[in-house]
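A.B. asks: First, the structure itself, so that you have it in front of you.
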Amino acid sequence: MNLSSVKKAESEVLLPTYDRLQILVDHGAGVYLYGADGRKYLDFLSGIGVNALGYSHPALTKVLTTQAKKLVHVSNLFFHPYTAELAKRLAKISGLDRVFFTNSGTEAWEGALKFARAYAQHVNQNGSKPRWRILALENSFHGRTMGSLATTGQQKYQKPFVPLMPGVEFVRFNDVADLKAKFDDTVCAVCMEPVQGEGGVRPISKEFMVAARELTKKSGALLILDEIQSGMGRTGKYFAYQHYGVVPDVVTLAKPIAGGLPLGAILTTHEVSSCLHPGMHGTTFGGGPLACAVALEVLNVIEKKKLLAHVEKLGVYFRKQLAGLQKKHCCIKDVRGLGLFVAAELHSADMAKAAVAAMLERNIIINRTNETVLRFLPPYIVEKKHIDQVIKALDQVLVGLSVNADKRAKASA
């Protein structure tokens, strides 16, 4: 089977919702992905932040195969040994109390929005003014289901599906004055990503995060943080909010939590969980024995290998090297990120698109987000030599693109 035959088969039966890279994947190992044609790719996207421990990690493979022989699915009508253990581990590292397991990030976010509305009704049973408004951030991204889209502050994602869930108002990114102006006692939740991922790898300022925490705590509204892309160690701490010295009321997780298996989670406080009872929320596949067993091993590896410190150290190194490129290449507008959640913003969308394609020609996988931003999400096991390889290749790519741009400018003059 080759790429053309697979593409033809997909075109006949699948919905055309993905703009795929022209690679037929065969297998992966460590930080590398291998095509069916034998090409070896250095993967600095890691399944859009999912494969935190790289490909075919021996510890995960062992747990996966052992558990698959015992039990894959049982439904939440029964007990199995791993849900409570994984929930306890997540509660311990997060500072929160209760956990609900889902299948994906967008499902976790949908649940968090439901919890916010349910909690508001629960605490305001005798109140004269209903709490139901939600404040989200411009340029945010929380998923593609209807509630997630309603809180996603990018019109290009929302436009085909309006009208969406009512009651959502968007606050300008990192604008404390705008947040305070739009916040009142009808707000049930303030929702944000500590680091906007699809929005261009933009960290929330400490001032904005602290203001959001103070406003919500004082009023009884919830602070809900989307850590689907930034959580489980991506920023050098288990959760990005731990860089800010705050503890939210609700957190959503997914992507790297189970090393590639579908699993998400909602973490919350005892107080918020008190508004829920059997039947108010549920899921068929969330928290299954296979995914939970593997997720526990992901945490074990992160702890045993001291990967949080490694991520922090390599992240500093990576951003320093990119900053060096920025001094050399005027097309790099900004370098930013936390840990191994890294971006280089270019001056034009065309150049960013061309850079991604040119890096792929050099067997390096990155991607473009928010039109002009090169996003880097390497596995946590990445080494300095891999970063150096990416920096060298990107340097060459930007030189080539700049030369071509100059030639086109002279030709059109």
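The values are calculated or read from the model by the stated rules, or taken from the named source; none is laboratory data. Being a predicted model, the structure only gives us computed values, none of them experimental. Every residue, glycine among them, receives a Cβ derived from its backbone with ideal geometry; neighbour counts consider all protein chains shown. Surface accessibility is based on the protein's heavy atoms, side chains included, excluding ligands, DNA and RNA. Shrake-Rupley method; radii C 1.70, N 1.55, O 1.52, S 1.80 Å.
A.B. asks: Holding the Cα-Cα limit at 22 Å, pick out from Lys320/Lys392; Lys40/Lys69; Lys180/Lys217 the pairs that are longer than that.
C.D. replies: Where the Cα-Cα span goes over 22 Å, the pairs concerned are Lys40/Lys69.
A.B. asks: Taking the mean number of other Cβ atoms within 10 Å as a proxy for protection, how do you rank 355-366, 51-62 from highest to lowest?
C.D. replies: Per-residue mean Cβ counts within 10 Å order the peptides as 51-62, 355-366.
A.B. asks: What number, rounded to the nearest 500 deg cm²/dmol, is the helix-based mean residue ellipticity at 222 nm of the chain, given -39500 (n - 2.57) per DSSP H run of at least four residues and division by all its residues? If you can, show how the numbers build up before the last one.
C.D. replies: On the way: 14 runs with 174 residues, N = 413.
Counting only the DSSP helices, I get -13000 deg cm²/dmol.
A.B. asks: Note down the net charge around Leu307, summing +1 for each Lys or Arg and -1 for each Asp or Glu among other residues with Cβ under 14 Å from its Cβ.
C.D. replies: +2
A.B. asks: Between Lys62 and Lys313, what FRET efficiency comes out of the Förster formula 1/(1 + (r/R0)^6) with R0 = 30 Å and r the beta carbon distance, rounded to 0.05?
C.D. replies: Between Lys313 and Lys62 the formula returns 0.60.
A.B. asks: Test of understanding: express the Cα radius of gyration of the range 185-321 as a ratio to 2.2 N^0.38 Å, with N the residue count.
C.D. replies: 1.15
A.B. asks: Right, next: Expressed as an acute angle from 0 to 90° and rounded to the nearest 10, what is the orientation of the C-alpha long axis of helix 82-94 relative to the principal long axis of the chain?
C.D. replies: The angle comes out at about 80 degrees.
A.B. asks: In straight Cα distance, which lysines are under 23 Å from Lys62, not counting same-chain residues fewer than 8 positions off?
C.D. replies: The reachable lysines, counting only those whose Cα sits under 23 Å from Lys62, are Lys70, Lys88, Lys255, Lys304, Lys305, Lys306.
A.B. asks: Once you place label points 7 Å from the Cα toward the Cβ at Ala91 and Ser11, how far apart are they in nm?
C.D. replies: About 5.3 nm separates the two model spin labels.
A.B. asks: While we're looking at this one, here's another question. Give the angle, between 0 and 90 degrees and rounded to the nearest 10, that separates the Cα long axis of helix 206-219 from the longest principal axis of the Cα atoms of the chain.
C.D. replies: With rounding to tens, the tilt is 20 degrees.
A.B. asks: Quick one: which residues, 5+ away or cross-chain, put their amide H under 5 Å from the amide H of Val195? H built at 1.01 Å from N.
C.D. replies: Long-range HN contacts for Val195: Ile204.
A.B. asks: Continuing with this model, one more query. Principal axes first, then extents: for the Cα atoms of the range 10-129, list largest minus smallest coordinate on each axis, whole Å, largest first.
C.D. replies: Dimensions of the range 10-129 along the principal axes of its Cα atoms: 66, 36, 29 Å.
A.B. asks: Once the Cβ-Cβ distance between Leu77 and Glu169 is put in as r, and R0 is 56 Å, what FRET efficiency do you end up with, to the nearest 0.05?
C.D. replies: With a Förster radius of 56 Å, E is 0.90.
A.B. asks: In addition: From the convex hull of the Cα coordinates of the chain, what is the mean projected area in square nanometres?
C.D. replies: Working: hull surface 90.9 nm².
The number I arrive at for the chain is 22.7 nm².
A.B. asks: What spacing in nm lies between the two simple spin-label points modelled at Ala36 and Arg20, each 7 Å away from Cα in the Cβ direction?
C.D. replies: For Ala36 paired with Arg20, the spin-label model returns 0.9 nm.
A.B. asks: Another one. Just the accessible area for Phe115, please: 1.4 Å probe, Å², rounded to the nearest 10?
C.D. replies: Per-residue accessible area (Phe115): approximately 10 Å².
A.B. asks: Given contacts defined as C-alpha pairs under 8 Å and at least six residues apart, what's the relative contact order of the chain, whole-number percent?
C.D. replies: It rounds to 20 percent for the chain.
A.B. asks: How large is the dipole of the chain about the Cα centre if only Lys and Arg carry +1 and Asp and Glu carry -1, each at its Cβ, rounded to the nearest 20 debye? Don't skip to the answer; put the middle values down first.
C.D. replies: On the way: 51 positive and 36 negative charges, 154 e Å.
Dipole size: approximately 740 debye.
A.B. asks: Right, something else. Using a simple spin-label model with points 7 Å from Cα along the Cα→Cβ vector, what separation in nm is obtained for Ser205 and Thr186?
C.D. replies: Taking the simple label geometry, Ser205 and Thr186 are separated by 2.8 nm.
A.B. asks: For the range 176-249, which chymotrypsin sites (Phe, Trp or Tyr not before Pro) pass both filters: DSSP loop (anything but H, G, I, E, B) and at most 15 other C-beta atoms within 10 Å?
C.D. replies: For chymotrypsin sites (Phe, Trp or Tyr not before Pro) across the range 176-249 that sit outside H, G, I, E and B with at most 15 neighbouring Cβ atoms in 10 Å, the list is empty.
A.B. asks: Beyond 16 Å, what percent of the Cα pairs of the range 279-372 remain?
C.D. replies: 70 percent
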